[in-house]
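Computed from the coordinates by the stated procedures, all read-outs in this text should not be read as laboratory data. Being a predicted model, the structure only gives us computed values, none of them experimental. Note: ideal-geometry Cβ built from the backbone for every residue, glycine included; neighbour counts use all protein chains shown.
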Amino acid sequence: MKLGPDIAAVITGGASGLGEATARALAEQGVKVAIFDMNEEKGEAVAKAIGGVFCKVNVTSDADVDAGFAKARAAHGQERILVNCAGTGNAAKTASRDKQTGEPKHFPLDAFNLIIQINLVGTFRCIAKSAAGMLTLEPTEDGDRGAIVNTASVAAEDGQMGQAAYSASKGGVVGMTLPIARDLASEAIRVNTILPGLFNTPLMNGAPQQVKDALAASVPFPRRLGNPEEYANLALTMIQNSYFNGEDVRLDGAIRMAPR
């Protein structure tokens, strides 16, 4: 797909980190960008900086997502690009002993379900609603009607201790990529997924420097954390290369996560 001012995009989680980098990269190519995010202050600031539009959206809410797409399309027209970066994580062992009392306890099921609802169901919700809108468009001159990029994680394949919910949610994103690509193939809508490794995002920035240094040293090559711009570069490749479809691609410096 050729990028330019006649193309509109929606980026979920676009107020920071991987989503912000992708929003800025698309805007630099002239694309009209709408940002879906819960953080109104950051989202408005990024949208203003790139000449885009901000939509306050919780991806677990049908009403929020519908309103977000309505606002984005009113401003820019029907999007041909969707990049799903909205997501979060938590950590708890499936079952363990309380450190104080020694009593057995288990992963809170409401906490498990929340991660599934945000990372997996939220991603599918945005895909389904965006793809339905893309069906109203004619294909571009290179044959694309639309392009969707999802964000999973290396935890989808080698999740660590305590990551049962997170790994399940991201594994679900990987698992649904090919079926969705097949569902939408006859409509010229492509679907791909990126599995980032250890990236220098706002969440990572909250860790102590010695922790970040140790994580960076665990990456085979290059021995550093990934930069959000490197994620954005791959997302743009997936969008622009019309033969890129149905793929799940690790972007991780060859790391394979240890059990803990």
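Laid out as a table, the results:
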{"read-out": "Candidates per GluC sites (Glu not before Pro) in segment 44-146, loop by DSSP, up to 10 other Cβ within 10 Å", "value": "E141"}
{"read-out": "Packing-based exposure ordering (other Cβ within 10 Å, fewest first) of R97, R125", "value": "R97, R125"}
{"read-out": "Counted charge near N200, where neighbours are those whose Cβ lies closer than 9 Å (Asp, Glu -1; Lys, Arg +1)", "value": "+2"}
{"read-out": "Most to least packed among 23-31, 209-217, 163-171 [average Cβ atoms within 10 Å]", "value": "163-171, 23-31, 209-217"}
{"read-out": "At R0 = 30 Å, FRET efficiency that the Cβ-Cβ distance of E187 and N113 yields, to 0.05", "value": "0.40"}
{"read-out": "Proximal lysines relative to K105, as straight alpha-carbon distance under 28 Å, when same-chain residues fewer than 8 apart are discounted", "value": "K93, K170"}
{"read-out": "Theoretical FRET efficiency, 1/(1+(r/R0)^6), r = Cβ-Cβ of H106 and R73, R0 30 Å, to 0.05", "value": "0.10"}
{"read-out": "Interchain or long-range residues, amide H under 5 Å from V10's placed H", "value": "A34, I81, L82, V83"}
{"read-out": "Proximal aspartates and glutamates relative to K2, as straight alpha-carbon distance under 17 Å, when same-chain residues fewer than 8 apart are discounted", "value": "E28, E79, E138, E141, D142, D144"}
{"read-out": "Paired Rg and Dmax values of segment 8-251, which use every Cα atom, in angstrom", "value": "18.2, 66"}
{"read-out": "At R0 = 35 Å, FRET efficiency that the Cβ-Cβ distance of T136 and A91 yields, to 0.05", "value": "0.25"}
{"read-out": "Alpha-carbon centroid distance for the pair segment 168-212 / segment 35-62, whole angstrom", "value": "20"}
{"read-out": "Spin-label zone in segment 188-224 - amide nitrogen under 17 Å from a point set 7 Å from the Cα of A254 along the C-beta vector", "value": "197-198, 216-224"}
{"read-out": "DSSP bridge orientation in segment 8-251 - percent antiparallel, rounded to nearest 5", "value": "10"}
{"read-out": "Proximal lysines relative to K56, as straight alpha-carbon distance under 18 Å, when same-chain residues fewer than 8 apart are discounted", "value": "K32, K42, K48, K71, K129"}
